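One structure below.
Please treat every number below as a calculation from the coordinates, not as lab data. Nothing here was measured: the structure is a model prediction, and the numbers come from that model. We place every Cβ from the backbone using ideal geometry, glycine too, and count neighbours over all the protein chains shown.
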Amino acid sequence: MSPSIIQASGLTKIYTGGRTALGAIDLSVSEGEIFGFLGPNGAGKTSTIKILTTLSRPSSGTASVAGFDVVREGAAVRRVIGYVAQEAGVDYFLTGRENLVLQGRLYHLERRIIEERTEELLGLFDLSSVADQLVSSYSGGTKRKLDIATALLHRPRVLFLDEPTLGLDLQSRHALWDYIRRLNATHGMTIFLTTHYLEEADKLAHRVAILDQGGVKAVGTPDALKDGVGGDAIRLSFESGAPGAEVWRALRSHPLVVDVIAEGESLHVVVKEGREALPKLLPALDAVGVGVRSITVSRPSLDDVFLKHTGKAFMVGESNGGSGAWWTKWQKGASDWGDRSAEESQSQDPSGAGKNGSPAWPNPDQPTGSADTSATNAAAGGWNGSEWPGTAGGQSREWPATSKDGREGAPSDTAWSRQSWTEKD
């Protein structure tokens, strides 16, 4: 197995007011894998990803990305990651191309490198035809592709995607899956993906962690987790509503039944060889005088895995992530920047300066004109509107000059191999 590029031990997050979002979780993600973080809304997925991307501090425990501690070495972490938040972080009043160029300027990359990588990413995500159109005219799927492209401009080692297909139609969702697979397969990029879509975790992730109520309940490949259910799934609903104790006794005592779990007024029955077991179960139910209203038989799914490990069905509620574009809120004066917790604000460096002389991470209580992603992806810095950052007297320089592992000292045009981000024929 490849060495771990993301590690967390005893990671805990308790928000102001006492709400526990994470309860001492442990994680290990191998370099080069797509790791799925699966859980319903409120399970703690976003709290985890914010800690790993240095947007929030843990209440206790430790975490590292690419060997850098997320608390003590936040600036180094930010140089080797890309982050795509739930809401689009691109500027709706710029074109797609301008957003990518702006991202490069925030990283203080040289003009030549920005131009090269902008063209590469526009081609990779099939955005060339709309590159010079305003982002406000883009479809939801196209905005999301641009969002991910901006996170890749500095060529990170780890890409964090928080609910990347939230709010997209089925066709756009599947298209985005193909781009994510291509990034991982062609470039060996480690991708940490949070989702509450069961199919997304099943189809995309090499390994999946099941998260519920701030705790990791199970980790493994989708197939291994489904095999761990122990058999096929039969769902039974009854004419009389919720089944009585005699139904439970009849099913639990049957030799083909592995487990019985209540699911509302229905029963979720795990059996060996479902198609063969069903005809043998029905006489046992007839014997206790209960009428069966409906029966479904299926192979184990991640829904069954979740039910097995949490004792409840996987329920998905509405997420605030797709509640509307940030720029429409800003236009209406409905920005929610002021609603962020005091603890999140305190997690930022109060001195206004980052480690090793680098500028500080942007304070979430001080919006910079883009929702989350552009501020998050930028290691730091800004552009004064008249010249390229890092220039003086016409002399161009790069900042930060980093090697592939995030440490300073190597020029960025040689730190990465001259790979092409477009697919080879």
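Along the charge dipole of the stretch 53-118, which of F68, I113, V84 sits closest to the positive end, that is, farthest toward it, with unit charges on the beta carbon of Lys, Arg, Asp and Glu (+1, +1, -1, -1)?
Going by the Cα projections, it comes out as F68.
Arrange the peptides 135-147, 2-14, 200-212 so that the one whose residues have, on average, the most other Cβ atoms within 10 Å appears first.
200-212, 135-147, 2-14
With θ set to phi - 60°, apply the Karplus curve 6.51 cos²θ - 1.76 cosθ + 1.60 along the stretch 261-273 and write out the HN-Hα couplings as whole Hz, x wherever there is a Gly or Pro.
Residue by residue, the stretch 261-273 yields 10, 6, 9, x, 8, 9, 10, 9, 10, 8, 10, 7, 6 Hz.
Using the charge dipole of the stretch 230-299 (Lys, Arg: +1 at Cβ; Asp, Glu: -1 at Cβ; taken about the Cα centre), state which of V247, A233, L267 has its Cα farthest towards the positive end.
In the stretch 230-299, that residue is A233.
Let's see if you can work this out: charge +1 on each Lys and Arg Cβ, -1 on each Asp and Glu Cβ, no other charges. What is the dipole magnitude of the stretch 230-299 about its Cα centre, in debye to the nearest 20?
Result for the stretch 230-299 is approximately 140 debye, rounded to the nearest 20.
Let me check I've understood the local charge: for L176, count other residues with C-beta under 9 angstrom from its C-beta, Lys and Arg +1, Asp and Glu -1. What total comes out?
Taking every Cβ under 9 Å from that of L176, the sum is +2.
A 31 angstrom limit on the alpha carbon distance is what I want to check against. Which of K203/K308; K50/K226; K13/K272; K50/K145; K45/K145 exceed it?
As for pairs spanning more than 31 Å Cα to Cα, those are K13/K272.
Would you mind calculating the relative contact order of the stretch 230-299 from Cα pairs under 8 angstrom and at least 6 residues apart, reporting the percent as a whole number?
Relative contact order, the stretch 230-299: 50 percent.
How much length is gained if the chain between S128 and D26 is pulled fully straight, taking 0.36 nm per residue apart and subtracting their Cα-Cα distance, in nm to one decimal?
Taking S128 through D26 to full extension adds about 32.6 nm, to one decimal.
Check each of the chymotrypsin sites (Phe, Trp or Tyr not before Pro) in the stretch 31-83 and keep only those in coil by DSSP with at most 16 other C-beta atoms within 10 angstrom; list them in order.
none
Would you tally the net charge around E239, using a Cβ to Cβ cut-off of less than 14 Å, leaving E239 out, and scoring K and R as +1, D and E as -1?
-1
Note the full-extension length gain between E199 and R182 as 0.36 nm times their separation in residues minus their Cα-Cα distance, in nm to one decimal.
Extending this stretch completely gives an extra 4.3 nm.
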